[in-house]
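Here is the structure we will look at, set down as structure tokens.
The values are calculated or read from the model by the stated rules, or taken from the named source; none is laboratory data. What you see is a predicted model; the values in this text were computed from it and never measured. Every residue, glycine among them, receives a Cβ derived from its backbone with ideal geometry; neighbour counts consider all protein chains shown. Heavy atoms of the whole protein, side chains included, go into the accessibility calculation; ligands, DNA and RNA do not. Shrake-Rupley method; radii C 1.70, N 1.55, O 1.52, S 1.80 Å.
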Amino acid sequence: MIYITGDTHGDFSRIERFCEKFQPSRDDIMIILGDAGFNYYGGKRDQRVKERMSGMPITIFSIHGNHEIRPGKIPSYQLATWHGGTVFVEEAYPNLLFAVDGEVYDLDGHQTVVIGGAYSVDKYYRLANGWNWWPDEQPSPEMKKGIEKVLDYHGWKVDAVLSHTVPLKYEPVEVFMSCIDQSKVDKSTETWLDSIEDRLTYRHWYAGHYHTEKSIDKLTILFESIREFTV
């Protein structure tokens, strides 16, 4: 079985409760749509979280959000082949996997492309308080070109998309914080995803990031709920 949920930000209690209730196995997969919280502090605090979650009887497959270090920047991560694509994995935590942006994975027979990253609206607040922020939180121009090349190869047709943020047309503006001046928010990733969505033939698109639950057209934004991955 494959399940999917939104941002966890280091609080995996919902996944722990899920595992206790349903008793999955390592053959089952839990997708986290970015900001998982495994790689935020970059030290022993992260390791303690990983040690706890590596004991869960499920495989956790996370995409890159905007509140975490990219796995490729952490020396302990290695590349491995998984479900027809490439993932980042640490030898000590073999059930905690991170997607590589632009890879297409075969998830229960569904060709699924991953597109991580987003802009942090709390960027300057975090910097002012000495909290972690990473300049490569959004996909770079090179990454975007690489993802487009992958989609070219697949004839601009997949079954599903897993992203952190959403195409601009699908932004859930009703949950935007009034204290944030949206005119100063970098929406280049969302604008680019708009262009991807316009060209792409797909059956379902899943995203996180906005801490809300919403379905519109073929897109579903998830936060705290856990659902079966369906396409």
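Take each peptide in 57-63, 178-184, 223-229, 28-34, count the other Cβ atoms within 10 Å of every residue, and average; sorted highest first, the result is 28-34, 57-63, 223-229, 178-184. Computed with a 1.4 Å probe over protein heavy atoms only, the accessible area of residue 79 comes to about 120 Å².
Which of the three applies to segment 169-231, rounded, prolate or oblate, going by the alpha-carbon gyration tensor with a ≥ b ≥ c and a/c under 1.5 meaning rounded? It is oblate, given that a/c is not under 1.5 and a/b is not larger than b/c. Here's the picture: charge each Lys and Arg Cβ at +1 and each Asp and Glu Cβ at -1 in segment 91-162, and of 154, 110, 143 the one pushed furthest to the positive end of that dipole is 143.
In the chain, the DSSP-assigned H stretches of four residues or longer account for a calculated mean residue ellipticity at 222 nm of -6500 deg cm²/dmol, using -39500 (n - 2.57) per stretch and the full residue count as denominator.
Can you bin segment 122-227 into rounded, prolate or oblate? Criterion: square roots of the alpha carbon gyration tensor eigenvalues sorted a ≥ b ≥ c, rounded for a/c under 1.5, prolate for a/b above b/c, oblate for the rest.
Numbers: a/c = 2.05, a/b = 1.37, b/c = 1.49.
Taking the square roots of the gyration eigenvalues as a ≥ b ≥ c, segment 122-227 is oblate.
Counting 0.36 nm for each residue step from residue 20 to residue 45 and taking away their Cα separation leaves a gain of 6.6 nm.
Give, to the nearest whole percent, the P(r) tail of segment 31-175 beyond 22 angstrom, counting all Cα pairs.
Of all Cα-Cα distances in segment 31-175, 42 percent exceed 22 Å.
What does the charge count around residue 92 come to, taking other residues whose C-beta lies under 12 Å from its C-beta (Lys +1, Arg +1, Asp -1, Glu -1)? Summing Lys and Arg as +1 and Asp and Glu as -1 gives -3.
Computed extension length for residue 52-residue 181: 42.6 nm, one decimal, from 0.36 nm per residue of separation with the Cα-Cα distance subtracted. Taking the Cα centre of the chain as reference, the dipole from Cβ charges on Lys and Arg (+1) and Asp and Glu (-1) amounts to some 300 debye. Only lysine pairs 8 or more places apart, or on different chains, with alpha-carbon atoms under 13 angstrom apart are counted in the chain, and they number 4.
Averaging the sequence gap over all C-alpha pairs within less than 8 Å and six or more residues apart, then dividing by the number of residues, gives segment 118-231 a relative contact order of 27 percent.
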